[in-house]
Amino acid sequence: MFTPKTLTASTEAFGIEHIDSLYRYAIVLTRSRADAEDLVQETYVRAMEAFSRLREDSNVKGWLFTILRNLWLNELRKQRSRPQLVEVDADAHLSDGLVGSNRGAQEILESEEDAKRVRAAIDKLPSEFQEILVLREFEELSYHEIATVLSCPAGTVMSRLGRARAKLRVLLSEGWGRGAQSGKTSHHEQLR
């Protein structure tokens, strides 16, 4: 446990370095910028309330992701009992925050045009595949950390990630295949 002296010093900037990562993950879950912002804010509120119970050797990033996901699942349960409203443009910019500003994505992409293709391909994946790709490829969580966040075995994480990567490869090869006909080279091989 944190002592009162370290608690005050630690809470001032607690976990703030993970805010962009949490926001990207929240975008994938909520498919709405406003809802993602609210979800991240509520995650930090809950984390600060529980901070005194956190052990010093805890994985803060994984803990924050778990809080965020649990809050989202609770919100989904609440929404099931309410009348549903449909937002027309909710999916329009689902993965804008995923590609372009992240150094891992920059290693894969060579141009803004390619980044748009990757965003479009990720947007076409089922949400469980988007979620697993964001956690592993963009947020660089370990299989164990992802298993903790998703409350499933590490083997399930590996299997789901393999299927997500395969589907993304297919979508990208289709998109780049059309680009290759216009003189562009295929970059989907880098995902293997």
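Please treat every number below as a calculation from the coordinates, not as lab data. These numbers come from a predicted model, not from an experiment. Cβ placement follows ideal geometry from the backbone for every residue including glycine, while neighbour counts extend to all protein chains displayed.
Some points to look at:
- Taking 7 Å steps out from each Cα toward its Cβ at residue 77 and residue 48 produces label points 2.5 nm apart.
- In sequence order, calculated HN-Hα J values of region 116-130 (Karplus, 6.51, -1.76, 1.60; Hz; x Gly/Pro): 5, 5, 5, 4, 5, 5, 4, 4, 7, 6, x, 4, 5, 7, 4
- Virtual spin-label span in nm between residue 144 and residue 159, 7 Å along Cα→Cβ: 2.2 nm
- FRET efficiency, 1/(1 + (r/R0)^6) with R0 45 Å, evaluated for residue 57 and residue 120 via beta carbons: 0.65
- Computed extension gain for residue 127 through residue 20, at 0.36 nm per residue and net of the alpha carbon distance, reaches 36.6 nm.
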